[in-house]
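To start, the structure under review is shown below, and the notes come after it.
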Amino acid sequence: MAAIRLDARWSGYARNGRLAAGAAVSPEPLILVHDDAQPDSGAAKALQKCLRANPSAGIVCGRLIDSSGSTLHAGYSFDSEEPWGFVDRLRGRPKTNLEVLRETRVVAGSSGLMLITPAVLEATGGYDPDLAYEPADVDLCLRAAAAGFSTFYCARAFATIAAADTPDSPADARAETLAQLDAWDGLYEKWSGQDVFSAGELAGLRGFAEEWAKHVFLPLGRTRETV
C-alpha cells in the first residue's frame, strides 16, 4: 500500500500527479497524508480495517488532532445548528469523547489522513484540477458518493498536526486566505446547480464560506474586496 504526501494547498491537478504516481506503484488503496501530519503507527491498519468492515466504503478518513489530543477534524458534515452550516465534525472535542470514538459515515473527509480505493479513483478520475485546499477533498468525496461509494470516519486512525507555520508577511497571509475562500466559492458554484443537496444544505455550504471570510477579514478591518 502506497502512502502519498500532499500539501493541503495544492490544486487538484498537482494532487492527481501524486495519485497517478502512487497508483503506478501499488494497485491497492492509497493513503493520503498532509505534509504537516504525523500518523500514528497503527493508522494504516485501522483505515484498512474500517474499509473491510463497510462494504459501501470507497473513502475512509482518519482523525486529525493537535499536540494535546484535541480533535481538529473528524470528517465533514452538514449541521443546521452550526452558524457555518458545513463544518469539521467534533472540532475541539477531547480524545475521550464518545462521539469522537464512534466510527460513522460522513459527508466528506480530509486528505490530512485519508484512504482512497482504486475503484473510487477510476469512477471519479481523481481530484478536480480547478479546486484546492479542503474543498478539493470535499468535492472528491461528493463525486465518489454520486458514483455509489460512501465516505467513513475511522476513529482509530489518527494523525497529529504540527503547529501551523507563520506566514512570511501579512500580504502572504491575506493571499492564502483569499485563495481558500475562492476554493470554497468554487465548490459551491460547482454543486449549486445539482440535485445532490437540499436547499438547506447548499445554504449551509455557502454560509460556511461567507462566515469564515467574515471572521478572518473583518477583525483586520478589511473586506474581501480590499484584500
Hits in segment 128-183 - residues which are within 17 Å of the chain's Cα centre (by Cα) and free of Cβ contacts under 8 Å to residues at least 24 places away in the same chain: Arg143, Asp182
Any pair with Cβ under 6 angstrom, 6 or more apart, that starts in segment 98-110 at a residue that is in a strand (DSSP E or B) and ends at one that is among the β-branched types (Val, Ile, Thr): Val106/Thr151; Ala108/Val138; Ala108/Thr151
Any hit, segment 53-60, residues being in contact (Cβ under 8 Å) with a residue 60 or more places away in the chain and over 19 Å from Thr117 (Cα atoms): no
Some residue of segment 18-25 being over 15 Å from Leu115 (Cβ atoms) and part of a loop (DSSP other than H, G, I, E, B): no
Residues of segment 17-32 that turn out to be surrounded by 18 or more Cβ atoms within 10 Å (Cβ to Cβ) and either without any contact (Cβ under 8 Å) to a residue 60 or more places away in the chain or out of contact with any Leu (no Cβ under 6 Å at 6 or more places or on another chain) (or both), as a count: 5
Residues of segment 108-123 that turn out to be surrounded by 22 or more Cβ atoms within 10 Å (Cβ to Cβ) and in contact with a helix residue (DSSP H, G or I) (Cβ under 8 Å, 6 or more places away or on another chain), as a count: 9
Positions within segment 126-159 being of a type in the set (D, E, K, R), touching a Lys or Arg at 6+ places or on another chain (Cβ under 9 Å) and surrounded by fewer than 21 Cβ atoms within 10 Å (Cβ to Cβ), in sequence order: Asp130, Arg156
When residues of segment 24-81 are limited to those that are among the polar types (S, T, N, Q) and within 17 Å of Ala108 (Cα to Cα), the one modelled with the lowest pLDDT: Ser80
Flag for Asp88 being among the charged types (D, E, K, R), farther than 18 Å from Arg156 by Cα and either modelled with pLDDT under 90 or touching a His at 6+ places or on another chain (Cβ under 6 Å) (or both): no
Residue count for segment 123-137, restricted to those that are part of a loop (DSSP other than H, G, I, E, B), of a type outside the set (D, E, K, R) and out of contact with any Phe, Trp or Tyr (no Cβ under 7 Å at 6 or more places or on another chain): 4
Residues being surrounded by 21 or more Cβ atoms within 10 Å (Cβ to Cβ) and either in a helix (DSSP H, G or I) or among the polar types (S, T, N, Q) (or both) - total across segment 33-78: 5
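The values are calculated or read from the model by the stated rules, or taken from the named source; none is laboratory data. Predicted, not measured: the structure shown is a model, and the values here were computed from it. In this analysis, Cβ positions are derived from the backbone assuming ideal geometry, glycine residues included, and neighbour counts consider all displayed protein chains.
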